[in-house]
Amino acid sequence: MPSNQGSALALATAVVFLAGACGAGGPDAGDGAVGGAAGEAIGGSITVFAAASLTASFTDLAARFEEAHPDAEVALNFAGSSDLAIQIIEGAPADVLATADAENMGKVRDAGMLTGDPVDFATNTLQLAVPPDNPAGITSLPDAAAPGVKTVVCAGQVPCGAAAAAVEQAAGVDLEPVSEESSVADVLGKVTSGEADAGLVYRTDVRAAAGTVRGIDVPEAAGVVNTYPIAALPDSADAATAEAFVDFVTGTEGQAVLRAAGFGAP
């Protein structure tokens, strides 16, 4: 009988030990944390620098993020990716950077100003934008290159400008733009204001401006894809919140918002 009592006590001790191990340090510990290490608070204020083509999507995502984290506040700064990279390298305060290409993100990384590796979160391709009534009768990229047609593109150092040059080369078309703009938003603005007959912009911009422009597909654009990376920046006063925003953009809800806006999967 004493030996049976000893065995029962040993079994009970083992059960208690295993239960404690699973509760305190099992593989599922910390699953409830969103961004950063488990237990870090998601709050404070972060500034997100994002490519101009992300304006509508990131404005929506920032509002959703703040709703999910009431103690957090997201300030947004939109511009051409090349301008954003220069601003950050020159010391502009930012917590997160999202660009429309790897090249400009690489400039910031090479300056030692990223936290970890960038994560690709979306893709995009170009489309011709024309006014709703299309007064120049443009139906293709060669039409946009015709004499007398006022076409606008992004400057070469901007991702949409580099993509435009690649599309022109693939199509065998030489555009003679009346202006080269510093962001895709500026190109779209020239078209919506009536200053241009056509502009090469991202298809997501055409969708966001539905009713003010029409989109015309350029077949060669399908082979020129812009990939968008995002990364947190060092020295953030709210590093956990910056990482959480990156996780939000690359997570299920963020990806659904981006797909609905017309962005492709990374």
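Overview of results
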| read-out | value |
| --- | --- |
| Peptides ranked, highest mean first, by Cβ atoms within 10 Å: ranges 154-162, 186-194 | 154-162, 186-194 |
| Rel. contact order, % - alpha carbon contacts under 8 angstrom, at least six apart, the range 126-223 | 45 percent |
| Antiparallel bridges, percent of DSSP beta bridges restricted to the range 126-223 (to nearest 5) | 55 percent |
| Neighbourhood charge, 13 Å Cβ-Cβ cut-off, centred on residue 185 and excluding it, Lys, Arg +1 and Asp, Glu -1 | -3 |
| Global size of the range 56-146 as Cα Rg and Dmax, reported in angstrom | 18.0, 54 |
| Neighbour net charge for residue 221 - beta-carbon separation under 11 angstrom, K R +1, D E -1 | -2 |
| Tensor-based shape of the range 126-223 (alpha-carbon gyration tensor, a/c under 1.5 rounded, otherwise prolate or oblate) | rounded |
| Karplus 3J(HN,Hα) series, Hz, for the range 192-209 with 6.51 cos²θ - 1.76 cosθ + 1.60 (x for Gly, Pro) | 5, 7, x, 7, 9, 7, 7, x, 8, 9, 6, 4, 5, 5, 4, 5, 5, 9 |
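Throughout, read-outs are computed from the coordinates displayed, never taken from laboratory work. Because the structure is predicted, anything quoted here is derived from the model rather than measured. Reconstructed Cβ throughout: ideal geometry from the backbone, glycine too, with neighbour counts over all protein chains shown.
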